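These notes concern the structure reproduced below.
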C-alpha cells in the first residue's frame, strides 16, 4: 500500500499521519554503548566480573577499542531514523592513561564528546559500580567499610561532573543514571543498615548542585541479579522514595521487575511525583537477561502509555540489552527501530475517540476501536518515515546489515 492510501485510511479514523511522523522525528532514542563490546569496556586496568552483568555468545565482530565502537555506532545511527543519543558508561574512557574509577576526569572522555558533536548526537552517562575489585563483595555504596564507600562516592561525584560537562559542551542535558548492584546472595539479618548506608552515600554523592540544563540525575532500581538473589538493597521502593525526596529522575528498566509486573502501568503511577522518568527498554526472558527488544505487547503497551498519558516530554528513552549471539550492530538497529515503531503505532491511535468512549463508560466502543485499528497500515507510514529520513527499510535494510557484518567479521 502506498503512503497516500495509508494516510487516507488513518484519516477515516481521525488520525493525522503527518503529525505522527513529525512527532516521532523529534524523539531521540539513547543507544547503549555496551551492546557493541559485550560490556567489556576500555579501561586499561584489569577488570573484574560481578554485578550480575553477563553477555553470552561469541559472534564475530566485537568492538575492541573506542575507534571500532564509534565506527559501529556510526553505522547503526545511519540505519536508524530520527535524532540520536549515545548512553556511555564510565568504563569506556578513550585515553592512553589508566585512571582508577575515583580518578577519572572529563578529559578521559573528551574524544567521545568531539565525536558526538560531529554526529549531531547527544550523550548520556553512567557511573560504573561493577567490574572492579572494590565491587567483588557485591557491595559498593552500601559497603560496611567506609573506605570502600568513599571510593565509590568519589567515582559517582566525578561521573556527575563529567556528565555535566558533556551536556554543556553539546548543548543537551546528559542524563547521569545511577545503578549499583549492591545486595546479598542469601538472606541478610540487617537490611536497614545497608539501606541507610546506601542512602547516606547517595546523599554525599549528589551533594554538589549541577545545572539541570546540562545534567540530570537518575536513580535505577532492580528486583534481583546474580549474586544478590535474596536482597537487592536498591529496590524499586527504595529508589522511588529517594527520587521523590531528592527530585531526581526515576529510571524504570523493563528487565528489573518481576515478569508479571506491567512496567507500562507504572509510568502514570510515578509521573506525578518525580521530575521525570528515564526508561531502559529491554526484553527480559525469565529474568533480567536483556534480550534485543521486539515489537511485542510489552513494548507496544509502554509506548501507548507514553503517548496516552502525555509523558513523552517528561521521559528519556534509552535501551538496555546485550546479545553476543548475533551481529551487535544489527542488534542496535533492530532494537532501536522496534522502539520507534512502537512509538509510531501509539501516535497513530485515535486517542480522542478512545478517551471519549472511556469517559462515557462506553467500553464496547473502546474495545472495538482498539481491535479494529490493529488492521490499519502502520507499515506504510513507517516506510514513509524511513524514506524521509534517508534510511533503508525491508530487504534493503537486511542487505546493509549483512554487508556491514561481513566487513567487521574478521575482528579478533
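Derivation of every value follows stated rules applied to the coordinates shown; laboratory data play no part. Please read all numbers here as calculations on a predicted model, not as lab measurements. Glycine also receives a Cβ, built like all others from the backbone with ideal geometry; neighbour counts cover every protein chain displayed.
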How long are the semi-axes of the equivalent ellipsoid of the range 112-155, defined as square roots of 5 times the Cα gyration tensor eigenvalues? Whole Å, largest first.
32, 10, 7
Taking R0 as 35 Å and r as the Cβ-Cβ distance between residue 56 and residue 98, the FRET efficiency 1/(1 + (r/R0)^6), rounded to the nearest 0.05, comes to 0.80
For the residues 398, 240, 91, what sequence is obtained by ranking on other C-beta atoms within 10 Å, fewest first?
398, 240, 91
FRET efficiency for residue 208 and residue 107 from the Cβ-Cβ distance with R0 = 25 Å, rounded to 0.05, comes out at 0.85
Note: residue 360 to residue 18 extended length (0.36 nm per residue) minus current alpha-carbon separation gives 120.2 nm
To test your reading of the geometry: what angle, between 0 and 90 degrees and rounded to tens, separates the Cα axis of helix 110-119 from the longest principal axis of the chain?
10 degrees
Which value results when the Cα radius of gyration for the chain is divided by 2.2 N^0.38 Å?
0.99
Folded to 0 to 90 degrees: helix 297-308 orientation relative to the chain principal axis, Cα:
80 degrees
With R₀ set to 35 angstrom, the calculated FRET efficiency between the beta-carbons of residue 289 and residue 118, to the nearest 0.05, is 0.55
Beta bridges by DSSP in the chain, antiparallel share as percent, to the nearest 5
10 percent
Measure out, as a whole number of angstrom, how far apart the alpha-carbon centroids of the range 346-412 and the range 225-268 sit.
28 Å
What value, in deg cm²/dmol to 500, does the helix sum -39500 (n - 2.57) over DSSP H runs of n ≥ 4 give at 222 nm once divided by the residues of the chain?
-13500 deg cm²/dmol
Span from the the range 94-162 Cα centroid across to the the range 61-80 one, whole angstrom:
22 Å
Just the number: Rg to Rh for the range 59-209, Cα atoms, Kirkwood Rh, two decimals.
1.02
Could you put 34, 112, 287 in order, starting from the residue whose Cβ has the fewest other Cβ atoms within 10 Å?
287, 112, 34
